[in-house]
Amino acid sequence: MTTPAEIQFKEVDLDAVASATGKIVVFVDADGKLDAGARKVNTLSRKALARFTDSAAFEKMATGDLATLAFPYGLAAEAVCVVKLGRRPTMQEARKAGAQIAKAQNGKDLLVLGGSIARADEIALGLALRAYDFDSHKSAEKKPKGAVCFMLSKPEEVAKAASPMAAIAEGVFFTRDLINEPANVLTTDDFAARLAAMQDLGLDVEILEEADLAKLGMRTLLSVGQGSDSPSKVVVMSWNGGGDEAPFALVGKGVVFDTGGISLKSAGGMEEMTMDMGGAGVVAGVMRTLALRKARANVVGLVGLVENMPSGNATRPGDVVKSMKGDTVEIINTDAEGRLVLADVLWYAQERFKPVGMINLATLTGAILVALGHENAGLFSNSDDLSDAFLRAAKTEGEGAWRMPMGPAYDDLLKSRIADMKNVGGRYAGSITAAQFLQRFVKDDVPWAHLDIAGTALVKKETALAPAGATGWGVMALNRLIADKYEN
Ligand code: BES
Ligand code: MN
Ligand code: ZN
């Protein structure tokens, strides 16, 4: 997998500044006051730094912006990167400043003169997250990855605070890799193998194969994968870091490729459906982070891995299948497949684990892109308490989410003439009727939330902390939700 840069935290040694190669980073607050590290750079460079911080160009910079002074006199370094940042940045300011540093790094070694700046750990996290590059299928020579060293007045303290953040970065990278990976590489077998490898981190990983799923009666899930040569699977990952309390459950849609099945999608943009396992990817990334930071909570992650393909054996529109719960579904459109996968996995999660709460994630509907674009995931829930807790965690982490309505009138749209329900609710409110479908497989007393991440999982343009492509949206919010609500 793509691994985050290793970041070193060292004692301040200003005598090392003159001979440091690569790029040197200094932080200067809005009033242009230089700290000890910046003063050293200023002296060595015959006041080049002060000339810059006195300039109109510096004044025009916004908080978190970075400017580069190239090939400064008096330094071995090829550039000094000046980041405009107060001594006490907010968490988001610190992360965004780190991201700017990553963008300026360009494969060079970095010496970051942090001194006593607050939230150096968050700056390091922003740097690590934005430095992500999915280059495993590029055959050209691999770009060098420069070393990163922070010089700090309290390096041990920051290193300690940064350790759970390294776990976050690795979880996010794991999710991004899974989502970016093409479907001929990330088959259901390959996906399951990558999850099984997490046993080395102390997670219990169990793989249910098609025969097991058939025995459990997971006919709606199996109906999605039956047209594919890749076998359908459910993978259960358990992290038992708490006591003997019931776990919190995370459930993910893992459609490794969504052609639409017999209700075939049109060609334009279909290649994007390699990301249709995004929900499962986020669940996997969260489980990885929890294991790496040895979270004191019980969390179980379940993913339904299938491929939605047309074939002589594929499900037809009009077919009626029975779910594990026992309810029958008339499949009007084989492209509304994610809900069929989740129905069985949600039911199984509740039957087996009696979870204290449950959140599922899915790239479920194109309609959520129409409603919310790439900025916010859609949140649907039967619990104000769980919704509020998630929205708070997401806001803190800078991951957008917006609660959407649900209700019986929407649920009525799923009525079928011949079965207990149909799998689509018509043209309008497509994201909501999808959520209503899922809720039919959630027990009334289980606090549950559904996150429709079709718009946030993958973006064409870079975001604050990620290059274009898979964002890893949700890993940080869910990790924080678990830390705040379920860890003691
Ligand atoms: N995987 C898609 C949803 C999707 C669309 C994800 C765009 C990411 C980007 C899902 O399985 C799907 O095809 N949904 C249909 C539902 C419809 C047939 C009721 C859709 O949104 O068109
Ligand atoms: Mn589909
Ligand atoms: Zn899909």
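Observations on the model:
- Criterion (closer than 17 Å to Met287 by Cα and either within 13 Å of ligand 2 (Cβ to nearest atom) or assigned by TED's automatic domain parsing to the domain that holds Gly472 (or both)) met by exactly one of Ala349, Ala367, Ala343: Ala349
- Test: Gly278 is within 16 Å of ligand 3 (Cβ to nearest atom), on the phi < 0 side of the Ramachandran plot and surrounded by 20 or more Cβ atoms within 10 Å (Cβ to Cβ): yes
- Evaluation of Gly260 against the conditions (1) more than 12 Å from ligand 3 (Cβ to nearest atom); (2) at positive phi shows that the sole unmet condition is (1).
- When we screen Arg316, Arg339 for residues that are within 14 Å of Val224 (Cβ to Cβ), within 14 Å of ligand 1 (Cβ to nearest atom) and among the basic types (Lys, Arg), the only hit is Arg339.
- The set of residues in the range 382-397 being polar (S, T, N, Q), in a helix (DSSP H, G or I) and touching a strand residue (DSSP E or B) at 6+ places or on another chain (Cβ under 7 Å) consists of Ser387 alone.
- Count - residues of the range 131-158 that are in a loop (DSSP other than H, G, I, E, B) and surrounded by fewer than 19 Cβ atoms within 10 Å (Cβ to Cβ): 17
- Odd one out for Val320 among (1) touching a Lys or Arg at 6+ places or on another chain (Cβ under 8 Å); (2) among the aliphatic types (A, V, I, L, M); (3) more than 16 Å from ligand 2 (Cβ to nearest atom): (1)
- Residue count for the range 418-461, restricted to those that are of a type in the set (A, V, I, L, M, F, W, C) and assigned to a helix (DSSP H, G or I): 5
- For the criterion of being under 25 Å from Val256 (Cβ atoms), in contact with an Asp or Glu (Cβ under 8 Å, 6 or more places away or on another chain) and at pLDDT 95 or above, Ala389 fails.
- Any chance Ser238 is under 27 Å from the mean Cα position of the chain (by Cα), farther than 26 Å from Ile332 by Cβ and either modelled with pLDDT of 95 or more or more than 14 Å from ligand 3 (Cβ to nearest atom) (or both): yes
- Conditions (1) more than 16 Å from ligand 3 (Cβ to nearest atom); (2) within 14 Å of Gly279 (Cα to Cα); (3) assigned to a loop (DSSP other than H, G, I, E, B): number failed by Lys325: (2)
The values are calculated or read from the model by the stated rules, or taken from the named source; none is laboratory data. All figures in this text were calculated on a predicted structure; none of them were measured in a lab. For neighbour counting, all protein chains shown are included, and Cβ atoms are generated from backbone atoms with ideal geometry for every residue, glycine included.
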